[in-house]
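The structure appears right after this line, and notes come after that.
Nothing in this text is a laboratory measurement; each read-out follows from the coordinates by a stated rule. Since we're looking at a predicted model, the values are computed, not measured. Cβ atoms come from the backbone with ideal geometry, glycine included; neighbour counts cover every protein chain shown.
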Amino acid sequence: MKNFIVGLLALVAISFATVDNAKAQVAMFKGMTTGAHVEVGPGGIAAESTTSTATSTVHAATLNTDSGTITTEALTTAGLADYTFTLTNSQITAASKVFVTVANGTNTQGTLGVGTVTPGSGSCVIMIHNLHATQALNGTLKLGFFTVQ
């Protein structure tokens, strides 16, 4: 019985250490910026926080990183219309999974939505929808992305 209790206490101590470690790792992620690189391995979670940014001109930008934020040019996309953007990126292949978010930069009108995201060899075409029926966009957008191979 004594060995059982000692073993149980050791298991509980390991569980608490694991919970505390997980809490510390979650707290670390709260301060990370867009473009952070995260890896999960047998030793835990490793993170490298860097921000890669680019500014687009004429519906396109180049950013050769696995994640980043792009500021578009000032847009006037009409209500219920689409804005098509091409991201040139040497890390993207046709088999890549590219995840995109959209937020207002200086834009104050319209309703934003990410449409299709089509990866190709060395680039990705991103379609952003203005879902508002009548309001045109009136400024820049922030496109966040990360790729998974």
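Structure notes:
- Under 5 Å between amide hydrogens, built in the peptide plane, is the criterion, and for THR93 it picks out GLY122 among residues at least 5 positions away or on other chains.
- Förster-model FRET efficiency, 25 Å R0, GLN109 and ASN64, C-beta, rounded to 0.05: 0.20
- Net lengthening on full extension, THR53/LYS97 (0.36 nm per residue, minus Cα-Cα): 13.9 nm
- Ratio Rg/Rh [Cα only; Rh per Kirkwood] for the stretch 53-148: 0.97
- Amide H contacts of THR55 (H built 1.01 Å from N, in plane; Pro and chain starts excluded): THR71 sit under 5 Å, all sequence-distant by 5 or more or on other chains.
- Using 0.36 nm per residue and subtracting the Cα-Cα separation, the extra length available between THR134 and ALA78 on full extension is 19.4 nm.
- A simple packing score, the average count of other Cβ atoms within 10 Å per residue, orders the peptides 111-122, 71-82, 135-146 as 135-146, 71-82, 111-122, with the highest score first.
- Full extension of the chain between THR88 and VAL125 gives 12.4 nm of extra length, using 0.36 nm per residue less the Cα-Cα distance.
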